[in-house]
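A.B. asks: Have a look at the structure that comes next, please.
Taken together, the values in this text are just the output of simple stated rules run on the coordinates, not laboratory data. On a predicted model such as this, the values are computed, not experimentally measured, just so you know.
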Amino acid sequence: MVGEDAIEDSGDYASTREVVREAVRDWKTKRALESHELAALKADIDKGLNDMVEGRVKDFAASRMIERGRKLLAARSPSARPKRRKPTGIIPYFRRMKKS
């Protein structure tokens, strides 16, 4: 982890306030993107359910969908797979500040 002083000394930020402001801005952007992606997924699910109700889906097997999803996930590049990471962002930053 890069410390607060190291971040300011790098010359990218003039103050801790700027670091926090950019972290919050990045977090809001990421959250908005995730919200948009979730809304698109929900719309796709609704479309699929409507197709089933309207009789446009004749042969539905959940096990096939699950297997296909697993294959697609396995085929993704390692960088595209979700990773478990150490928490970063504004909350851990403030926790570290309290310990100091």
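A.B. asks: What full-extension length gain, to one decimal in nm, is calculated for S15 and A61 as 0.36 nm per residue of separation minus the Cα-Cα distance?
C.D. replies: Working: separation 46, 0.36 × 46 = 16.56 nm, distance 5.65 nm.
Full-extension gain reported as 10.9 nm.
A.B. asks: Taking θ = phi - 60°, what integer Hz values does the Karplus form 6.51 cos²θ - 1.76 cosθ + 1.60 yield along the range 61-66, in sequence order, with x for Gly and Pro?
C.D. replies: Going residue by residue, I get 9, 4, 4, 5, 5, 5 Hz, with x marking Gly and Pro.
A.B. asks: Still on this model: Length gain on complete extension for the stretch K30 to A74, per 0.36 nm per residue less the alpha carbon to alpha carbon distance?
C.D. replies: 13.4 nm
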